[in-house]
Structure formats: structure tokens, C-alpha cells
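First the structure, in the form of C-alpha cells, and then the observations on it.
The values are calculated or read from the model by the stated rules, or taken from the named source; none is laboratory data. What you see is a predicted model, and the numbers here were worked out from it, not measured in a lab. Note that each Cβ is placed from the backbone with ideal geometry, even for glycine, and that neighbours are counted across all protein chains shown.
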Amino acid sequence: MDRLKLAIDQKWPELVNRSVVLHQDNARPHTYLVTRQNLWELGWKVLMLPPYSPDLAPSDYHLFLAMQNFLSDKKLGSREDCENRLLDVFAKTPRLL
């Protein structure tokens, strides 16, 4: 986590004095005492979700919403057409962290 903090500080220096909110599910590796203590020492706030809930991941929401918006008025005639349209969506969707 120290490497992650360093990377965040380097990439977004304007956030150095702001608190980080870590969005994670409540899976066991994320709730170990050492992990919680390290997060507390870094001053990060933790937004806990139900265990193993990928359906609540914001990155998934962003990706599938972009796909829905881009493909809503398209007719897909073949598998190749579908693959090409998806590649186009991925190329036009801004990269996430």
C-alpha cells in the first residue's frame, strides 16, 4: 500500500493533503488487522461493501454504461460485427485508473 500511496502522490500531487477513500468489498484479505491498520496509518478512509460484490464496482458500472450508450441503436448482424463494435467502444471509452 505504501507503493500505491507513493504512486497516487506522484500522479496527482494536488491530492496529497486530501484523504483517499478506498472502495473495496468486505472480503477476508481486505479486513485483516494488518491491512486495516496500514490503511489507518495512511489516513485513508475505507468504504466497505458486501463481501465479493463485483456487481457494485464503479469501474464495471462505467464500462457497461458506456457500452449500453454506444450500442443502444446498433444492430449486430454477426459475431465479427459484435467484436468490432466492442473494440470500438473500448477504444473510445476513457481509461480508468
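Which residue pairs have Cβ atoms under 7 Å apart, sit 6 or more places apart or on different chains, and have a first residue in the stretch 44-72 that is hydrophobic (A, V, I, L, M, F, W, C) and a second that is at pLDDT below 65 and in a helix (DSSP H, G or I)? Hits for this filter: LEU49/LEU56. Reported count of residues in the stretch 10-60, each being modelled with pLDDT under 65 and of a type in the set (Phe, Trp, Tyr), is 1.
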